[in-house]
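Below is one structure, written out as structure tokens; the observations come after it.
Just so you know, all these numbers are worked out from the coordinates, no wet-lab data involved. All values derive from a computational prediction rather than experimental measurement. Virtual Cβ from ideal backbone geometry, glycine too; neighbours counted across all protein chains shown.
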Amino acid sequence: MRYLHTMVRVSDLDRSLEFYCDKLGLVEIRRVDNPAGRFTLVFLSAPVDRDHAVETKAPLIELTYNWDREEYGGGRNFGHLAFEVDDIYATCARLQAGGVTINRPPRDGRMAFVRSPDDISIELLQRGASLPPAEPWSSMPNTGVW
């Protein structure tokens, strides 16, 4: 068995791509428009996996956009997506500057949580050892849920 992808339903494809690509830094690998089924699939990869996503089948995120409007509940049974980052403080600062709320700040220099526009919880983990505690993150309170 090999992990292939995680599918996330999105209600606004442009808004979701802005979050996942422009703010989080993922890259679009391929797109499938299915007029008969009235949906679009967009497959995203971490930048480090971009060149290998097709050959080695690196794990992907599949954004599923159904053309007919539908409201999706924020069921906590999904859990979260997790990404390893080179510098958790720089990543959180970039996301925050882009208008993303840091729900669980990286107080420990290791882990943070944010949410996508469709309320999907995203865990960010520091690559390697935790960074030393630093402000403003050390004293920043949690916001909302993750």
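Summary table
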item: Cα-based helix-to-principal-axis angle, 88-97 vs the chain, degrees rounded to 10; result: 70 degrees
item: Long-range Cα-Cα pairs in the range 80-126 (distance over 13 Å), rounded percent; result: 47 percent
item: Ranked packing of 11-17, 24-30, 109-115, most packed first, by mean Cβ within 10 Å; result: 109-115, 24-30, 11-17
item: Size of electric dipole in the chain: Cβ of Lys, Arg +1 and of Asp, Glu -1, about Cα centre, debye, nearest 20; result: 260 debye
item: Projected-area average for the range 5-66 over all orientations - Cα convex hull basis, square nanometres; result: 4.1 nm²
item: Around ILE88: net Lys/Arg minus Asp/Glu count, Cβ-Cβ under 9 Å; result: 0
item: Over the range 58-146, volume per residue of the alpha carbon convex hull, in Å³; result: 120 Å³
item: Share, in percent, of DSSP beta bridges within the range 5-66 that are antiparallel, nearest 5; result: 70 percent
item: Charge dipole magnitude, Cβ of K and R +1, D and E -1 - the range 5-66, Cα centre, debye nearest 20; result: 180 debye
item: Structure-based [θ]222 nm, the chain - -39500 (n - 2.57) summed over DSSP H runs of at least 4, per residue, nearest 500; result: -2500 deg cm²/dmol
